[in-house]
Amino acid sequence: NPKPGDETPMTGPAGKVMLMPEEDPKTDLIMVATGTGIAPYRGFIRRLFMEDTPAAKAYEGQAWLFLGVANSDALLYDDEWQEAKAKGGDKFRLDYALSREQTNKKGGKMYIQDKVGEYADEIFTKLDNGAHIYFCGLKGMMPGIQDMLKEVCAEKGIEYDEWLKGLKKAKQWHVEVY
């Protein structure tokens, strides 16, 4: 039985999937979350906009957060996102997908893939320019995200599998779903 003051070994999740790139402080970050998938982005945003860190001082890119939840009363950490917007100015951007309160362009529920899809041209441009895109949350979001991205690629005359392979090779594609 450990006693107060005893050292206790601890382990936790391991891996590098959800790390911010540190090579270039101008790198844009596109963060897509459903529900509690917001957790790693809370750390990113705190590090960039709320804490006095070398990363915060150096950051010149734009951090763009997409959060999908059912209702506005389920928005996690909205007060922190509003504070980050106030402190970060144009360096922090925020979009919500509220499936039971908003409608997509086809008149259906606004899911995360619909909200991200509204900005497809801008997101593809950012990715072409080296942005990193992160997905975290329920694994059920990924088929909708991938279908939307495939559709956008088809509209742009881009071969989806090759495009995705290029993002992965460049380490711009980060997925942590459960």
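The values are calculated or read from the model by the stated rules, or taken from the named source; none is laboratory data. Computed from a predicted model, the values in this text were never measured in an experiment. Heads up, the Cβs are rebuilt from the backbone with ideal geometry, glycines too, and the neighbour counts pull from every protein chain shown. With ligands, DNA and RNA removed, areas are computed over all heavy atoms of the protein, side chains included. Shrake-Rupley method; radii C 1.70, N 1.55, O 1.52, S 1.80 Å.
Structure summary
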{"quantity": "Strands (runs of 3 or more DSSP E) wholly inside the stretch 44-160 containing at least 3 residues that are closer than 22 Å to Val177 by Cβ and in contact (Cβ under 8 Å) with a residue 60 or more places away in the chain", "calculated": "132-137"}
{"quantity": "Members of the stretch 104-140 found to be modelled with pLDDT of 95 or more and aliphatic (A, V, I, L, M), listed by number", "calculated": "Met110, Ile112, Val116, Ala120, Ile123, Leu127, Ala131, Ile133"}
{"quantity": "Qualifying positions in the stretch 3-24 - open to solvent by less than 100 Å² (accessible area, probe 1.4 Å) and modelled with pLDDT under 85", "calculated": "Gly12, Gly15, Val17, Met18, Leu19"}
{"quantity": "Sole exception among (1) surrounded by fewer than 20 Cβ atoms within 10 Å (Cβ to Cβ); (2) in contact with a Ser or Thr (Cβ under 8 Å, 6 or more places away or on another chain) for Lys139, by number", "calculated": "(2)"}
{"quantity": "Condition check for Lys150: more than 17 Å from the chain's Cα centre (by Cα), more than 21 Å from Lys26 (Cβ to Cβ), open to solvent by 30 Å² or more (accessible area, probe 1.4 Å) and among the charged types (D, E, K, R)", "calculated": "yes"}
{"quantity": "Of all residues in the stretch 161-178 being part of a helix (DSSP H, G or I) and touching a strand residue (DSSP E or B) at 6+ places or on another chain (Cβ under 8 Å), the one that is surrounded by the fewest Cβ atoms within 10 Å (Cβ to Cβ)", "calculated": "Leu164"}
{"quantity": "All positions within the stretch 87-101 that are within 14 Å of Glu60 (Cβ to Cβ) and out of contact with any Phe, Trp or Tyr (no Cβ under 8 Å at 6 or more places or on another chain)", "calculated": "Gly89, Asp90"}
